[in-house]
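Written out below as structure tokens is the structure these notes cover.
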Amino acid sequence: MTDTEVCRKAVSTWGVDNQLDQAIEECAELICAIRHHRRGRRCSLVEEIADVEIMISQMRLIFGAGVIDAVKKAKLARLAEKLEEQPC
């Protein structure tokens with residue numbers, strides 16, 4: 001089964017609302033792991049990043065990858081402009 005098939009099956013098995021709740025939980029765990037990492041505490045930062053990426057893949061299926069990619073492209077262009085304005 002491909003990654004996309006796994007994500008699609010997770011959404012169809014557990015439903016959109018449950019997977020959005022799971023995404024919230026995974027994002028919260030990532031926030032905690034980042035804070036622990038910054039404090040020099042041992043944490044599972046890489047695992048939490050992977051969990052959030054998996055949930056993002058599911059949200060791309062739920063909300064539409066094309067729409068997300070278009071917004072992402074615009075935001076990256078804006079970020080590039082801000083970076084160009086920064087002194088070296």
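Annotations
- Checked against the criterion of being surrounded by 15 or more Cβ atoms within 10 Å (Cβ to Cβ) and part of a helix (DSSP H, G or I), the candidates VAL6, VAL11 yield just one match: VAL11.
- Failed criterion for ILE34 (all others in (1) more than 21 Å from PHE63 (Cβ to Cβ); (2) open to solvent by less than 100 Å² (accessible area, probe 1.4 Å); (3) over 15 Å from the mean Cα position of the chain (by Cα) hold): (3)
- Test for GLU47: is it farther than 19 Å from GLU5 by Cβ and of a type in the set (Asp, Glu): yes
- Contact annotation: residue pairs with Cβ atoms under 6 Å, 6 or more positions apart or on different chains, pairing a residue in the range 60-71 that is surrounded by 11 or more Cβ atoms within 10 Å (Cβ to Cβ) with a partner that is charged (D, E, K, R), are LEU61/ARG8; ILE68/ARG60.
Per-residue answers, yes or no, for (1) of a type in the set (A, V, I, L, M, F, W, C); (2) in contact with a helix residue (DSSP H, G or I) (Cβ under 9 Å, 6 or more places away or on another chain):
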site	(1), (2)
ARG41	no, yes
SER57	no, yes
ARG60	no, yes
LEU79	yes, no
GLU84	no, no
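- With respect to being loosely packed, with under 12 Cβ neighbours inside 10 Å and in a helix (DSSP H, G or I), SER57 falls outside the description.
- Filtered residue count, the range 14-31, keeping only those that are surrounded by fewer than 14 Cβ atoms within 10 Å (Cβ to Cβ) and hydrophobic (A, V, I, L, M, F, W, C): 4
- Options ILE49, ILE68, ILE31: the member that is in contact with a Lys or Arg (Cβ under 7 Å, 6 or more places away or on another chain) and part of a helix (DSSP H, G or I): ILE68
The values are calculated or read from the model by the stated rules, or taken from the named source; none is laboratory data. Nothing here was measured: the structure is a model prediction, and the numbers come from that model. Every residue, glycine among them, receives a Cβ derived from its backbone with ideal geometry; neighbour counts consider all protein chains shown. The protein model used for the area step is the full one, side chains on, heavy atoms only, and it has no ligands, DNA or RNA in it. Shrake-Rupley method; radii C 1.70, N 1.55, O 1.52, S 1.80 Å.
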